[in-house]
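The values are calculated or read from the model by the stated rules, or taken from the named source; none is laboratory data. Here the structure is a predicted model, which is why all the values come from computation and not from measurement. Cβ: placed from backbone, ideal geometry, glycine included. Neighbour counts: every protein chain shown. Note: accessible area is taken over every heavy atom of the protein model, side chains too, but ligands, DNA and RNA are not part of it. Shrake-Rupley method; radii C 1.70, N 1.55, O 1.52, S 1.80 Å.
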Amino acid sequence: MEIIKKIYAFLLDSVQTFLIAAAIFLVIYLFLFRPYEVKGDSMYPNFHDKEYVLTNLIILRFKEPTTGDVVVFKAPPEPEKDYIKRIVGVPGDTVSIKEGLVYVNGSRFDESKYLNPSVKTFPGAYLQEEDTITVPNGQYFVLGDNRSASSDSREWGFVNRSEIKGESLFVYLPLNRMRLVENPLSN
């Protein structure tokens, strides 16, 4: 009889521990941090296909996304999918593409901290060569780092602030490429 009580107490403790751990995980997953898998080469060379990125869900409740941030959002052309891209234009900015270069607010956009200077940015269906667009309030202009392999704002326009899920924080898999994701344009 004593052994049955010990087994019962052990099982009860185990179930309680599991439920507490599951509740903590659920709170973290729903409200604080969420893993996302990079799919494809649109952010190469800074992010690789099949890397896993931990995304901070809460930080954007306290600050607005800024130029250079890498964000995860619902893909405008396919809302059931999530995209990861870099913010190039924030509300009020003007964006244009001229001769393979990006211009923000009339000046050449310096991406040398995260892209090879030889990278060319070609226009798309939404943003044509030498057209100038203004980023509306509550929206953002995003580009993939691998311009030739990215479906981004050049093709389908702006990303609504409400569709941005979070800011990428940390690459955790594969282990040999583990690193913090920092905004190369922040001071």
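Taking 0.36 nm per residue of separation and subtracting the Cα-Cα distance, what length does fully extending Lys74 through Tyr126 add?
16.9 nm
Pulled fully out, how much extra length does the chain show between Lys39 and Glu182, if you take 0.36 nm times their separation in residues and subtract their Cα-Cα distance?
49.5 nm
Cα axis of helix 2-27 to longest principal axis of the chain: angle in degrees, 0 to 90, nearest 10?
Its long axis makes an angle of about 10 degrees.
Report the calculated FRET efficiency for Ile59 and Thr17 (r = Cβ-Cβ distance, R0 = 22 Å), to the nearest 0.05.
0.15
Apply the Karplus parameterisation 6.51 cos²θ - 1.76 cosθ + 1.60, with θ equal to phi minus 60°, to every residue of segment 95-110 and state each ³J(HN,Hα) to the nearest whole Hz, in sequence, with x for glycine and proline.
Going residue by residue, I get 10, 8, 10, 9, 6, x, 10, 9, 10, 10, 6, x, 10, 4, 7, 7 Hz, with x marking Gly and Pro.
Please report the relative contact order for the chain, taking Cα pairs under 8 Å with a sequence separation of at least 6, and give it as a percent rounded to a whole number.
About 24 percent, as a whole number.
If the limit is 25 Å between Cα atoms, which of Lys74/Lys113; Lys50/Lys81; Lys81/Lys113; Lys63/Lys113; Lys63/Lys98 go over it?
Table pairs above 25 Å Cα-Cα are Lys74/Lys113; Lys81/Lys113; Lys63/Lys98.
Can you give the accessible area per residue of segment 1-156, in Å², using a 1.4 Å probe?
Here the residues of segment 1-156 average 58 Å² of exposed surface.
From the Cα gyration tensor of segment 7-50, with a ≥ b ≥ c the square roots of its eigenvalues, which class applies: rounded if a/c is under 1.5, or else prolate if a/b is larger than b/c, or else oblate?
In terms of gyration-tensor shape, prolate.
How large is ³J(HN,Hα) for each residue in segment 42-49, as worked out from phi by the Karplus curve 6.51 cos²θ - 1.76 cosθ + 1.60 (θ = phi - 60°), to whole Hz, x for Gly and Pro?
Along segment 42-49, the couplings run 5, 10, 5, x, 7, 9, 10, 3 Hz.
What's the extension gain from Lys5 to Ile28 if we count 0.36 nm per residue and subtract their Cα-Cα distance?
Fully extending the segment from Lys5 to Ile28 adds 4.8 nm.
Ignoring ligands, DNA and RNA, please state the percent of accessible area on the chain from carbon and sulfur, probe 1.4 Å.
59
Taking a ≥ b ≥ c as the square roots of the Cα gyration tensor eigenvalues, with a/c under 1.5 meaning rounded and otherwise prolate when a/b beats b/c, else oblate, which class fits segment 94-180?
Since a/c reaches 1.5 but b/c is at least a/b, the shape of segment 94-180 is classed as oblate.
Taking the Cβ-Cβ separation of Arg161 and Tyr52 as r and a Förster radius of 41 Å, what is the calculated FRET efficiency to the nearest 0.05?
The formula returns an efficiency of 0.95 here.
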